[in-house]
Structure formats: structure tokens, C-alpha cells
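Accompanying notes for the structure given below.
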Amino acid sequence: MDKLVETLLQGDHIGALAEARRLLALSVVPERIVTEGMEAAMSQLDDKCTVESFNLLEIMLVGRAVSAVANELYPEGLSPEQGRATCVIATLLGDVHDLGKNITRMVLIGKGYRIVDLGKDCPVDTLVNAAERERALVVLVSGLLTSVIPQVAKVRPALAEKGLAHIKVIAGGAALKQSSPQALNVDYVAETAFDGARYLDQLLETP
Ligand code: B12
């Protein structure tokens, strides 16, 4: 497993894939590869990435390697039963920035969450319908344009209208992280993808 963690952290997706295949051939179950391999690598990357010191290229490469291993383990994607919880993620209508969203998706996949990615330029209605359909624990909104803030504030009321007020809303991305949860009408505003992942972990730990 150490070799898998090492190749993941090097962003060596070919090496990581080979290592994952070797472990599977040795009858190591996918759950162990997720928790002891992918999650361990993400946790080490998290320790290195503070808000002040953030190497975007490194995160993208590690994310690519993690995604490659996740696709190998679960070619059909995670089922709701396999994932730790389901999260629906998108950037909202009018915003085509998606690098931060994609990183967040990769970090959460690496931590064993099932991610339904609705992409960019997504209407609030589509997001809320997907949250209902997928029985999501949380809705994740990424925003890089200040102009999407009014839409972000509509997500919680739109969920409540469908009787989904229990679904938490987490916001992130350069334009949103300057605001408070109250101003955005969300449950949490994440500084980084890892910060959002920690909040999610805490949600699951809270009975
Ligand atoms: C790359 C970029 C683009 C690319 C986007 C490519 C892509 N596929 O994403 C292109 C060229 C397409 C682009 C277009 C535009 N852009 Co632009 N763009 C940027 C730039 C340079 C970097 C953004 C970025 O990707 N950062 C890196 C990512 C990784 O950071 P991040 O999103 O914050 O994500 C991290 C965290 O915040 C977190 N995170 C992100 N989302 C979420 C969500 C959750 C739930 C969680 C937990 C965490 C999380 O995870 C990441 C890792 O921790 C910024 C400038 C800047 N310094 O931010 C301008 C910037 C965002 N763009 C800007 C503008 C104005 C535009 C345009 C309107 C320009 C124009 N006149 O056409 C268009 C908008 C098009 C549209 N309709 O969306 C402005 C926005 C101003 C504002 N506040 O409204 C900025 C700030 C530039 C500026 N200084 O003016 N842009």
C-alpha cells in the first residue's frame, strides 16, 4: 500500500494504476485501497496544502492519479451504498470556471465520497432536482464570479421547497469564500477543497 500512496503523491497516474491493479490481483479489497491508499495520500496532500502554500499543478496531478485509480476500482462509479455519502457538485448558471470544482471532486473521490458532477453553467433547478434524485447528503456549489452569488443564496430555499431542507449546502471558490455563510445563505463556506472535505467528514461523524 505504501507504494500506491507514493505513486499517487507523485502524481504518477500510470504507476498508481499499476500498483492498484497489483493490489487487486493480490485480492486486496477496493475498500482498503480507498481508505489505506487514496485517503492516506489525500490526507498527506492536505497536510502540505495550506491556503498560503498551494501548488495547483501538484494537486491536479495527484487528483488525476486518484481519479484513475477510482475509475479502475469502480468503473461504473460508486453506488450510493459503496460511497461514504453522495454529494452533488456544480458551478451555477453563467459561470464556466470549473478548475476548482474539478479539484474538489477529485479530493472528495479520494476520500471515498460518491460525487455527482453536474458540470458548469448549471441552473439551480437542475442542481436541486439532482440532489433529490441522488439522495444527496450535501450540495456543493463552486463560484468564481461574484455575479452568481444571488443564485447561490437561492439553493437552500429551493431545496426547502422540495422538502429537502435537511440537505446541507457548502460553497467554495474564489468569489464565494470571501463571503460569510449567512450572506450566501449556505451551511458552510470552504477555504479550500480540503477544508470542505473536513467539514463533510465532521457532518458524517456527528450523530
Ligand atoms: C482560469 C480563469 C478563467 C478561465 C476558466 C477556465 C476553467 N476551465 O475554469 C477562463 C479563461 C475561461 C475564464 C473566463 C472568465 N473569467 Co476568469 N479567471 C480565471 C482565474 C485566472 C483563475 C481561476 C481558477 O481556476 N483558479 C484556480 C482554482 C483551483 O481555484 P478556486 O476555484 O478558488 O478553487 C479552489 C478552492 O476555492 C476550492 N473550491 C472551489 N470551488 C469549490 C467548491 C466547494 C464546494 C469547495 C468545498 C471548495 C471549492 O477548491 C480549489 C482548491 O482548493 C481567475 C483569477 C484568480 N486569481 O482567481 C479569473 C477570474 C475568476 N475570472 C474572472 C472573470 C471576470 C472572467 C470572465 C468574465 C472574463 C471575461 N470578461 O470574459 C470570464 C467568465 C466566463 C464565465 N461566464 O464564467 C474574474 C472574476 C471576478 C469576479 N469576482 O466576479 C477573476 C477573479 C479574474 C479577475 N481578477 O478579474 N477565467
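Annotation note: of ALA136, ALA131, ALA65, ALA70, the sole residue that is assigned to a loop (DSSP other than H, G, I, E, B), open to solvent by less than 30 Å² (accessible area, probe 1.4 Å) and without any contact (Cβ under 8 Å) to a residue 60 or more places away in the chain is ALA136. Among the residues of segment 139-153, those that are open to solvent by 70 Å² or more (accessible area, probe 1.4 Å) and either within 10 Å of the ligand (Cβ to nearest atom) or among the acidic types (Asp, Glu) (or both) comprise THR146, SER147. Evaluated against (1) part of a loop (DSSP other than H, G, I, E, B); (2) in contact (Cβ under 8 Å) with a residue 24 or more places away in the chain; (3) open to solvent by 20 Å² or more (accessible area, probe 1.4 Å); (4) more than 13 Å from the ligand (Cβ to nearest atom), HIS97 falls short on exactly one condition, (4).
Quick check: anything in segment 51-59 within 15 Å of the ligand (Cβ to nearest atom), over 15 Å from the mean Cα position of the chain (by Cα), closer than 25 Å to GLU36 by Cβ and surrounded by fewer than 20 Cβ atoms within 10 Å (Cβ to Cβ)? Among the residues of segment 51-59, at least one is within 15 Å of the ligand (Cβ to nearest atom), over 15 Å from the mean Cα position of the chain (by Cα), closer than 25 Å to GLU36 by Cβ and surrounded by fewer than 20 Cβ atoms within 10 Å (Cβ to Cβ), which makes the answer yes. Taken as a whole, the condition of being within 30 Å of VAL155 (Cβ to Cβ), without any contact (Cβ under 8 Å) to a residue 60 or more places away in the chain and assigned by TED's automatic domain parsing to the domain that holds LEU137 does not apply to THR104. For segment 1-26, a residue qualifies if it is acidic (Asp, Glu) and open to solvent by less than 80 Å² (accessible area, probe 1.4 Å), and the qualifying residues are ASP12, GLU19.
Looking at ARG198, ARG156, can you tell me which residue is more than 23 Å from ASN102 (Cβ to Cβ), within 15 Å of the ligand (Cβ to nearest atom) and open to solvent by 60 Å² or more (accessible area, probe 1.4 Å)?
None of the other options fit; the residue is ARG156.
The values are calculated or read from the model by the stated rules, or taken from the named source; none is laboratory data. Computed from a predicted model, the values in this text were never measured in an experiment. Glycine gets a Cβ as well: all are built from the backbone with ideal geometry, and neighbour counts include every protein chain shown. The protein model used for the area step is the full one, side chains on, heavy atoms only, and it has no ligands, DNA or RNA in it. Shrake-Rupley method; radii C 1.70, N 1.55, O 1.52, S 1.80 Å.
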